[in-house]
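Asks: This is the structure, below, for whatever I ask next.
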Amino acid sequence: MDIDTSRFSFAVLTMSDKGSRGERVDTSGPLLQKILAEQGYRQANYAIISDRVDHIREKLIAWVDKEKVDLIITTGGTGVAPTDVTPEAMAGVLEKEIPGMAEAMRAESLKKTPNAVLSRGKAGIRGKSLIINLPGSEKAARENIAVLLPALAHALDKIQGGVSDCGT
Amino acid sequence: MDIDTSRFSFAVLTMSDKGSRGERVDTSGPLLQKILAEQGYRQANYAIISDRVDHIREKLIAWVDKEKVDLIITTGGTGVAPTDVTPEAMAGVLEKEIPGMAEAMRAESLKKTPNAVLSRGKAGIRGKSLIINLPGSEKAARENIAVLLPALAHALDKIQGGVSDCGT
Amino acid sequence: MDIDTSRFSFAVLTMSDKGSRGERVDTSGPLLQKILAEQGYRQANYAIISDRVDHIREKLIAWVDKEKVDLIITTGGTGVAPTDVTPEAMAGVLEKEIPGMAEAMRAESLKKTPNAVLSRGKAGIRGKSLIINLPGSEKAARENIAVLLPALAHALDKIQGGVSDCGT
């Protein structure tokens, strides 16, 4: 079935201490916006924030609860460094986890590098919104979102109560 | 090693709002009963209930704690729709999670459809019983249980304190 | 990039009721020590303890918080038997989970045996230390650690705040 992707708005949130201070140019955020726009999704927002659990939660909750953004893609903060806290911030944000999305991205990345096991991003649902954590590097973000693109529109349709057939 | 599957009882629980109201015929539940019976497991119970966390928990806990069913297979409610709450119901039921069962089912399904990432079923142990969440569609339920069948008897034997060799 | 593995200390913890009573010789523990020493890591400690959640937690927390061991490998207690409680002991020890490590080990083992789905080991971070649960059998422990060895030094470097490139 074909679902009209323009039904769904998206926002991209880049986690980067350096980026939020203007000391580093964010390339993954713009890349993800380009990819999603090319798929027909409507851009609603974009922000760069520092790697702090409370900041991340506040922003995600505002985008879901107030701005009603349908799809939120985060990039950065998914690794094992002390500053990487994106997965921890998801507790208290996600109401339902979708572990298969994270597993599929890691399994695909693992074909290219053994370091893929260190990617700790989560995916899940809050309200009627889908939130997906991607790694911060441009290359990894591009490869990871590619794994999920074929399932995104169907996921969003179902999350919002649609009755399209799963094909599973 | 060969473990006698007739040592173990099983029950199938179908989650379906429509099914529980008699508005939809459950085909996955009967299919799973047939598959498990063919493997030699003894049928103990079968029920169709609505997609409500409290109903699901109550039924699973009764089947484990009172009826001592060894193996409980659920079907339905594992997706991302607002009514899909089977994985959430498992909290408060499972005492130990077995994430590898869910991962293996999703990885296998992913070979067939990108939507497999949306299957959120869990598996785990309560008391001396094994509980496994399968998707609701007949096709997905059949494909998913096939992944686990070769490990089921050994799992049940170990869960109940058996000393068979893992072969791992 | 090449990271000097001799920067990092390691310890091996074997979970075995029989082993802790001297009724069973631990072969997996010594094997893992040999493998890690051959990779250049410096041995800090080794112990065999019984399969009790409080004992496991106490030992792991002491090794991380007091002895500052960089890498802790546990072996045993990851299965589905009533005595297998290693994964449950990790709650209250790990501050960040690294689910991809456990997923990758299980996916690799699954190529050899369907019983790999029953391995419930976790991996994660406490303070600046990496803790990884491996199965108890010598064969499974060897096969599982082999999956992670190529990512270990990079993981430890990042966990401790290093700025080496992920290559992902």
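The values are calculated or read from the model by the stated rules, or taken from the named source; none is laboratory data. From a predicted model like this one, the values you see are computed outputs, not experimental measurements. When we count neighbours, we look across all protein chains shown, and the Cβ atoms used for this are built from the backbone with ideal geometry, even at glycine. To get the accessible areas, we keep the full protein, side chains included, count just its heavy atoms, and leave off ligands, DNA and RNA. Shrake-Rupley method; radii C 1.70, N 1.55, O 1.52, S 1.80 Å.
Asks: Select from region C:113-154 the residues that are open to solvent by less than 30 Å² (accessible area, probe 1.4 Å), among the small types (Gly, Ala, Ser) and under 18 Å from C:GLU38 (Cα atoms) and list them in ascending order.
Replies: The answer is C:ALA141, C:ALA151, C:ALA153.
Asks: Looking only at residues that are small (Gly, Ala, Ser) and not in a loop (DSSP other than H, G, I, E, B) in region A:61-90, which one is farthest from C:LYS128 (Cα to Cα)?
Replies: Of everything passing the filter in region A:61-90, A:ALA62 is farthest from C:LYS128 (Cα to Cα).
Asks: Tell me which residues, restricted to region B:116-144, are in contact with a Pro (Cβ under 9 Å, 6 or more places away or on another chain), of a type in the set (Gly, Ala, Ser) and in contact (Cβ under 8 Å) with a residue 60 or more places away in the chain.
Replies: Within region B:116-144, B:ALA141 is the sole residue that qualifies.
Asks: In region A:82-112, what residues are among the β-branched types (Val, Ile, Thr) and either open to solvent by 20 Å² or more (accessible area, probe 1.4 Å) or within 11 Å of chain C (Cβ to nearest Cβ) (or both)?
Replies: Scanning region A:82-112 gives A:THR83, A:VAL85, A:THR86.
Asks: Name the residues in region C:123-139 that are over 13 Å from the mean Cα position of the chain (by Cα) and not in a loop (DSSP other than H, G, I, E, B), would you?
Replies: Hits for region C:123-139 are C:GLU138, C:LYS139.
Asks: Here's a follow-up. Here are B:ARG21, B:ARG52, B:ARG42: which of them is at pLDDT below 95 and surrounded by fewer than 23 Cβ atoms within 10 Å (Cβ to Cβ)?
Replies: Just a single option satisfies the conditions, and that option is B:ARG21.
Asks: Additional query: Residues C:ARG106, C:ARG57, C:ARG142, C:ARG120: which one is assigned to a loop (DSSP other than H, G, I, E, B) and among the basic types (Lys, Arg)?
Replies: Every option except C:ARG120 fails the conditions.
Asks: For region C:149-166, name all the residues that are part of a helix (DSSP H, G or I), more than 7 Å from every other protein chain (Cβ to nearest Cβ) and among the hydrophobic types (A, V, I, L, M, F, W, C).
Replies: Selection gives C:LEU149, C:LEU152, C:ALA153, C:LEU156.
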